[in-house]
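Following: one structure in structure tokens, then a few remarks.
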Amino acid sequence: MSDHYNAFEISPVPAPGPHAVPPEPFRGIYGMPAFVTIPTSDLAASVEFWTRGLGFIELFSIPGSVVHLRRWAFQDVLLVPTAGVPERAPAMSVSFACVLSQIDSLVENCRALRPDSVDGPRDTPWTTRDVEVITPENARIVFTAARPVDPDSQEARDLAAVGITPPDVRRGDNEEHA
């Protein structure tokens with residue numbers, strides 16, 4: 001993996017840590033490098049869940065055609081009207097980055113709107129804390145927050161073994177810079 005290098009500066013995702021501050025919703029217009037299109041049979045209910053439950057903003061809408069939602073830069077979702085949605089969520093999911101401090105409120109907000117919509121949170125071996133949400137459209141959405149990695153931990157050694165090292169952060173400094 002010697003061809004890989006740290007390029008954290010191009011991402012809106014802050015460095016992991018218990019005091020990481022999420023960026024504000026990004027309201028700029030840009031050529032989207034990737035986005036998700038989600039069909040919905042109830043556009044109003046979907047917009048409410050995505051904005052109140054998942055923390056997206058309504059960037060703009062074209063009545064009867066599309067509602068463009070966004071959180072951070074490069075986290076774009078297009079809700080489009082359809083006659084019906086799948087009865088079950090697919091195995092496939094789409095993931096959005098968040099920070100650790102957002103996990104509890106995301107879970108609480110989603111459960112307030114749809115009590116059985118959330119699974120987790122759970123910690124992963126690749127140093128994230130994930131929450132899976134099934135939206136009103138039966139989309140499987142995962143919110144994933146990076147956890148700080150102890151440089152002396154087995155997790156750090158496992159990541160280093162495949163060529164992944166965190167950005168240069170002095171030991172014990174994660175909380176001050178996160």
*If amide H atoms are built 1.01 Å from N in the plane of the peptide, which residues on other chains or at least 5 residues away come under 5 Å of the amide H of PHE96?*
VAL142, PHE143, THR144
*Hey, any idea what % of region 99-154's accessible area is carbon plus sulfur with a 1.4 Å probe?*
47 percent
*Which entry in [x] 11; [y] 14; [z] 27 matches percent of Cα pairs over 29 Å apart derived from the coordinates of this structure?*
[z]
*asked:* Which residue fluctuates most in the GNM of the chain (Cα springs below 10 Å): ILE29, ILE141, ILE38?
replied: ILE29
*Want the number for THR51 to GLU155: 0.36 nm per residue separation, take away the alpha-carbon distance, what's left?*
34.0 nm
*Relative contact order for region 17-159: what is it in percent, counting Cα pairs under 8 Å that are at least 6 residues apart?*
25 percent
*Can you give the accessible area per residue of the chain, in Å², using a 1.4 Å probe?*
59 Å²
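The values are calculated or read from the model by the stated rules, or taken from the named source; none is laboratory data. Because the structure is predicted, anything quoted here is derived from the model rather than measured. The protein model used for the area step is the full one, side chains on, heavy atoms only, and it has no ligands, DNA or RNA in it. Shrake-Rupley method; radii C 1.70, N 1.55, O 1.52, S 1.80 Å.
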